[in-house]
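Peer 1: One structure, pasted below without further comment.
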Amino acid sequence: MFYIDTEGLLSVFRLIGGVEAEELAKLLLAKPGMREDELAAALQMDVKRVRKLLHQLSEFSLVAYDIVVDKELNKRVFRWRLQQEQVQGVVKTQLKRIAERLQILKKHYESNQLYWCGSEGCRKYTFDEALDKFFKCPSCGGKLMVYDHSKLLKAVDDTLAEINKLLE
Ligand SMILES: [Zn+2]
């Protein structure tokens, strides 16, 4: 089953709302049900800013609130908590997207033979481009040879395997 650990969970918050969101997530993880003013005090942030951040995160369904009557304050307050299952979903969707992009990249490399002089700073050329330049690199004058992308394909395959393992 797909499962993301606490560190992964926090990095999702950081990705979406920056360091402030990550700190907020840490607080809610340790103590679910905190009020906006409690969060603001703990984060040393303006309560308006905290509210904005919470709403931003709730748009991604990463946090949710319960409205409860606080007897001490004698009014209705929002109590916030993390939606961990939703975070799993957000990350899973992202991983699926990455896997799709890698598949496209793989197909591209498999169907297009490239030519390269072997110098790190020089670009690679398609067959037509290489033919156009008489198989001579326009940047360094080196000979353009068939570029062996088996290593690259292997790396793509390894990454895909890792992602698929996570998604199982
Ligand atoms: Zn070159």
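The values are calculated or read from the model by the stated rules, or taken from the named source; none is laboratory data. Remember, predicted model here, so these are calculated numbers, not experimental data. No Cβ is skipped: glycine too gets one built from the backbone with ideal geometry, and neighbour counts run over all protein chains shown.
Peer 1: Could we say that SER139 is within 11 Å of the ligand (Cβ to nearest atom), among the small types (Gly, Ala, Ser) and free of Cβ contacts under 8 Å to residues at least 40 places away in the same chain here?
Peer 2: Considered against the rule, which asks whether it is within 11 Å of the ligand (Cβ to nearest atom), among the small types (Gly, Ala, Ser) and free of Cβ contacts under 8 Å to residues at least 40 places away in the same chain, SER139 comes out as yes.
Peer 1: Here is a follow-up. Could you check how many residues of segment 1-38 are more than 19 Å from the chain's Cα centre (by Cα) and at pLDDT below 85?
Peer 2: Residues meeting the conditions: 1.
Peer 1: How about segment 126-168: which of its residues are in a helix (DSSP H, G or I), acidic (Asp, Glu) and surrounded by fewer than 12 Cβ atoms within 10 Å (Cβ to Cβ)?
Peer 2: ASP128, ASP132, ASP158, listed by residue number.
Peer 1: Being of a type outside the set (D, E, K, R) and modelled with pLDDT of 95 or more narrows it down to one of LEU43, LEU62, so name that one.
Peer 2: LEU43
Peer 1: Among the residues of segment 106-121, count how many are within 10 Å of the ligand (Cβ to nearest atom), over 30 Å from the mean Cα position of the chain (by Cα) and not small (Gly, Ala, Ser).
Peer 2: Counting residues in segment 106-121 that are within 10 Å of the ligand (Cβ to nearest atom), over 30 Å from the mean Cα position of the chain (by Cα) and not small (Gly, Ala, Ser) gives 2.
Peer 1: Quick one: how many residues across segment 5-27 are more than 18 Å from GLY89 (Cβ to Cβ) and not charged (D, E, K, R)?
Peer 2: Within segment 5-27, residues that are more than 18 Å from GLY89 (Cβ to Cβ) and not charged (D, E, K, R) number 4.
Peer 1: Shifting gears a bit: Give the residues of segment 128-155 that are hydrophobic (A, V, I, L, M, F, W, C) and modelled with pLDDT of 90 or more, sorted by residue number.
Peer 2: ALA130, LEU131, PHE134, PHE135, CYS137, CYS140, LEU144, MET145, VAL146
Peer 1: Please pick out the residue among LYS107, LYS96, LYS92 that is out of contact with any His (no Cβ under 6 Å at 6 or more places or on another chain), free of Cβ contacts under 8 Å to residues at least 40 places away in the same chain and assigned to a helix (DSSP H, G or I).
Peer 2: Step by step, each of LYS107, LYS96, LYS92 is checked, and only LYS107 is out of contact with any His (no Cβ under 6 Å at 6 or more places or on another chain), free of Cβ contacts under 8 Å to residues at least 40 places away in the same chain and assigned to a helix (DSSP H, G or I).
Peer 1: For the condition in contact (Cβ under 8 Å) with a residue 24 or more places away in the chain and closer than 21 Å to LEU167 by Cβ, what is the one hit in LEU39, LEU24, LEU53, LEU9?
Peer 2: Unique residue meeting the criteria: LEU9.
Peer 1: Is it the case that segment 111-125 has a residue that's modelled with pLDDT under 90, part of a helix (DSSP H, G or I) and not small (Gly, Ala, Ser)?
Peer 2: Looking for residues that are modelled with pLDDT under 90, part of a helix (DSSP H, G or I) and not small (Gly, Ala, Ser), one finds none in segment 111-125, hence no.
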